[in-house]
Amino acid sequence: MRLLRGLYNCPKALFNQGCVATIGNFDGVHIGHQTIIQRLTEKAAHFDLPSVVILFEPHPQEYFRPDAAPARLFKLTDKIQALKALGVDYVLCFRFNQEFAELRAEDFIQRVLIEHLNVQHLFIGDDFRFGYQRQGDFEMLKERGEGFFTVEANQSVTLEIDGEQQRISSSLVREAVANNRFDRAERYLNRAYQLSGKVAHGDKQGREIGFATANIPLKRLKSPLKGVYAVWVYGISASSPQYKSSQQSPKRFQAVANVGQKPTLKQSPERLEVHVLDFKGDLYGQQIHIEPIAKLRGEQKFSSVEELKAQIADDIEAAREIFDRL
């Protein structure tokens, strides 16, 4: 799969014969999205054309109303990896800025879909809106695409939940994660919910108070997780000390993670910090994956560092008890 960042990095020659495309946010790449991508790749294979997923970064809601935008399940790199695993040929990612926000719907259809991508068939939600002041819709795509491409509505996927059929959506997954229903989120995603990122240098405050943590930049405005969790950590390099001698599975390690603003230590931006139990190796620069198992508590502000240290020790003990029951 190839990532194309904007039209300037998208040679027209790639699509001389045309392509089959879809447009959307695809946050979480849940089972509804997976169904769309399956239809996309099957249609592309039928016509012997490349498949293209068109994304916007940041999401338009994050651009227009950052304070009210929904929490992100995936950062862009996670989304791209999930789409790659589903067999997509190209992801075309537009930077959503003021210039793009002012692009008329008619111009998007002509310049992007017709002239640049030479779209032959387009999958789109029948409630999809696009272009300046959201003037473009499904009917406009059908009308303006006539003679150039055909348009097909994406089909919703439903599951029986609490005795009722519910449409699977990113909002539904966010709700499950936020309410610590990780088993339910796994049903919606067809895989366990995970956060991932490269371990970066932090402020070393965890080490100073006796609990070294791996600092993973969230790279999103808001996370659906908030508080302290027992988590599995995947992806620790086999070259790390203690890897082979660990009594845990070499594919995953037990850990406690905090997602929040660290109010006791006066931190502001949301961050993800992970304390891997019984591990003293160097994780800097490693790409790791964090799978939440259970929420231990919400984020709290403590009156002193000593009180915080005592609570962290209690969190670790509570996490061990959870892992012992698995």
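The values are calculated or read from the model by the stated rules, or taken from the named source; none is laboratory data. Everything numeric in this text was worked out from a predicted model, so none of it was measured. A quick note on method: Cβ atoms are made from the backbone with ideal geometry, for glycine too, and the neighbour counts reach across all protein chains shown.
What to note about this one:
- In the stretch 101-124, residue farthest from residue 20 (Cα to Cα) [restricted to those that are surrounded by fewer than 16 Cβ atoms within 10 Å (Cβ to Cβ) and out of contact with any helix residue (DSSP H, G or I) (no Cβ under 6 Å at 6 or more places or on another chain)]: 101
- Residues of the stretch 15-36 satisfying the condition of being within 25 Å of residue 99 (Cα to Cα) and part of a helix (DSSP H, G or I): 15
- Number of residues in the stretch 270-305 that are in contact with a helix residue (DSSP H, G or I) (Cβ under 8 Å, 6 or more places away or on another chain), in a strand (DSSP E or B) and modelled with pLDDT under 90: the value is 0.
- Extreme residue, modelled with the highest pLDDT, among residues of the stretch 146-160 that are crowded, with 19+ Cβ neighbours inside 10 Å and not aromatic (Phe, Trp, Tyr): 151
To keep it simple, each residue is scored yes or no on (1) over 19 Å from residue 311 (Cβ atoms); (2) of a type in the set (Gly, Ala, Ser); (3) at pLDDT 70 or above.
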| site | (1), (2), (3) |
| --- | --- |
| 195 | yes, no, yes |
| 210 | no, yes, no |
| 222 | yes, no, yes |
| 240 | yes, yes, no |
| 260 | no, yes, yes |
